[in-house]
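Engineer: Pasting a structure here, questions to come.
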Amino acid sequence: MTQFTPTLPPLHQTTHFSNTSMNKNQLPRTRPWPGFPTSKALGNFGDANCMEQLLVHCANAIEINDVTLAQQILWVLNNIAPPDGDCNQRLAGSFLRALTARAAKTGSCKMLAAVADSAHSNLAIDTHKFSVIELANFVDLTPWHRFGFTAANASILEATEGFSVIHIVDLSLTHCMQIPTLIDAIASRQQVPPLIKLTVAGATCRDIPPMLDLSYEELGTKLVNFARSKNVIMEFTVVSSSYEDGFAALIEHLRVQHLVYAAEGRPTEALVINCHMMLHYIPDETISEFTDAFSNSYVCDSSSAATTSSLRSMFLKALRTLDPTIVVLVDEDADLTSNNLVSRLRSAFNYLWIPYDTVDTFLPRGSKQRQWYEADICWKIENVIAHEGLQRVERVEPKSRWEQRMRNANFHGISFSEDSVSEVKAMLDEHAAGWGLKKEDEHLVLTWKGHNVIFASAWLPA
């Protein structure tokens, strides 16, 4: 694809404002810069590469408080990125909303919120709270989550064969939606199913979409009843623990339980750590300055360890001390961790076009489910662009970095079996033709039109 860069004014021409007010209906003032588009020429700016360049220029202008330039670009974006346009326009519109939200709370650019029209100036994102049935149906619409469910369940079944007790620690963004299928598979493979113990972190993602409209205790009751209908005995435990401190309370709960069982001579149980798009919310090195605040509550060898290692690495090393039967790690294959806003914007733009492109293949315009789906993407974009520090929780890392973290924590990757790969392929056959599957080393990668989307990996203690 040919890179098309719009002719824009140089960023060194800055204008700083203080205590400035502007009528919300007032159009931004224009400067006679050669090549800057008039409203009649905006049609030429619908190209995705051009939109990305405009967003980058806008981000730079906001960062240096060049209000006049930022106004100009926001006005252009506002005209070429309607919220009901094609996938590229809706993508750019979400980034416009995020940049407007950032500008609205930073420096002299606070006045820029008035530039966006009513569709974008309402900065609140209406994320839906799902019922269990709604969420189950919602995640089935696309392989975005089903890919990880299918690959993980196949690996878990193989790793836990022959155990009379299977303890699953589910760290999942989708609130245990993977578990019913796993229970069903476990129940059908042998005459006397094992006891299933399911442990979840109850404070995991209260405000991160997709959100659930009931408590984890209520969810646990539903899962226990479902298991009973399959003649499976299941115990459900909620530990009040959060990604914010690296699931410190959960690790401590598992460690104490492990010691008690060993002292009592209980039969060995399979310990499964299922991590589905949740670990990237644990703080990473880019906010290591905050790590001291967490070190007192986290299990580590010494206080100095907390200041030299990220909570992600500490969490994985703590998992290794529990000697799990298998760890399954599924996450998005992108890098949204940069401290530089423009770098982060480029990475997010070149990854998050995928969900906007795919939605046209499975949800009609105007449907409630489509509104819910795109509101969740909007939330993600706004968190990546508009927030910093502890409020910026969407810190996705690429597969290569997670591989290194797992090896550093003394795990080694294992390949997915041919049966597992066949199951994933069969699942993808139920969806649009653009989805694909490839193997990279031992791991599986979900692709859309050839671009990496999600990776699935399985790990054993080395």
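The values are calculated or read from the model by the stated rules, or taken from the named source; none is laboratory data. Bear in mind that the values here come from a model prediction, so they are computed numbers and not experimental data. With ideal geometry, Cβ positions are generated from the backbone for all residues, glycine too; neighbour counts draw on all protein chains shown. Just the protein is used for accessible areas: all its heavy atoms, side chains included, with ligands, DNA and RNA removed. Shrake-Rupley method; radii C 1.70, N 1.55, O 1.52, S 1.80 Å.
Engineer: Please pick out the residue among 355, 364 that is modelled with pLDDT of 95 or more, surrounded by fewer than 20 Cβ atoms within 10 Å (Cβ to Cβ) and closer than 22 Å to residue 146 by Cα.
Structural biologist: 355
Engineer: What pairs come out if I take residues in segment 403-421 that are within 13 Å of residue 317 (Cα to Cα) and among the charged types (D, E, K, R) and pair them with residues that are open to solvent by 10 Å² or more (accessible area, probe 1.4 Å) and assigned to a helix (DSSP H, G or I) whose C-beta lies under 9 Å away, six or more apart or interchain?
Structural biologist: If the second residue must be open to solvent by 10 Å² or more (accessible area, probe 1.4 Å) and assigned to a helix (DSSP H, G or I), the pairs left are 405/313.
Engineer: Find the helices (runs of 4 or more DSSP H) located wholly in segment 351-462 whose residues include 1 or more that are in contact with a strand residue (DSSP E or B) (Cβ under 7 Å, 6 or more places away or on another chain), and list them.
Structural biologist: Filter on segment 351-462 gives 399-408, 418-428.
Engineer: Which residues, taken from segment 163-215, are modelled with pLDDT under 95, among the basic types (Lys, Arg) and either crowded, with 16+ Cβ neighbours inside 10 Å or assigned to a helix (DSSP H, G or I) (or both)?
Structural biologist: 189
Engineer: Considering only residues of segment 39-68 that are under 19 Å from residue 92 (Cα atoms) and at pLDDT below 50, which is least open to solvent (accessible area, probe 1.4 Å)?
Structural biologist: 42
Engineer: Out of segment 69-86, which residues are surrounded by fewer than 17 Cβ atoms within 10 Å (Cβ to Cβ) and part of a helix (DSSP H, G or I)?
Structural biologist: Hit for segment 69-86 is 79, nothing else.
Engineer: Confirm whether residue 405 is over 30 Å from residue 128 (Cβ atoms), open to solvent by 10 Å² or more (accessible area, probe 1.4 Å) and under 19 Å from the mean Cα position of the chain (by Cα).
Structural biologist: In short, yes.
Engineer: Checking the conditions here, which among 252, 235, 244 is open to solvent by 10 Å² or more (accessible area, probe 1.4 Å), within 25 Å of residue 321 (Cα to Cα), out of contact with any Asp or Glu (no Cβ under 9 Å at 6 or more places or on another chain) and not in a helix (DSSP H, G or I)?
Structural biologist: Criteria check complete, one pass: 235.
Engineer: Mind checking which pairs have a first residue in segment 236-253 that is on the phi < 0 side of the Ramachandran plot and acidic (Asp, Glu) and a second that is assigned to a loop (DSSP other than H, G, I, E, B) and open to solvent by 10 Å² or more (accessible area, probe 1.4 Å), Cβ under 6 Å, 6 or more apart or different chains?
Structural biologist: The qualifying pairs are 245/297; 252/299.
Engineer: Open to solvent by less than 80 Å² (accessible area, probe 1.4 Å) and of a type in the set (D, E, K, R) - does that describe any residue in segment 415-425?
Structural biologist: No; the residues of segment 415-425 include none that is open to solvent by less than 80 Å² (accessible area, probe 1.4 Å) and of a type in the set (D, E, K, R).
Engineer: Scan 306, 348 and give me the residue that is buried (at least 20 other Cβ atoms within 10 Å of the Cβ), at pLDDT 95 or above, of a type in the set (Gly, Ala, Ser) and not in a strand (DSSP E or B).
Structural biologist: 348
Conditions (1) touching a Ser or Thr at 6+ places or on another chain (Cβ under 7 Å); (2) within 27 Å of residue 378 (Cβ to Cβ); (3) touching a residue at least 12 places away in the same chain (Cβ under 8 Å), marked per residue:
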{"position": "140", "(1), (2), (3)": "no, yes, no"}
{"position": "163", "(1), (2), (3)": "no, no, yes"}
{"position": "172", "(1), (2), (3)": "no, yes, yes"}
{"position": "179", "(1), (2), (3)": "no, no, yes"}
{"position": "186", "(1), (2), (3)": "no, no, yes"}
{"position": "207", "(1), (2), (3)": "no, yes, no"}
{"position": "210", "(1), (2), (3)": "yes, yes, yes"}
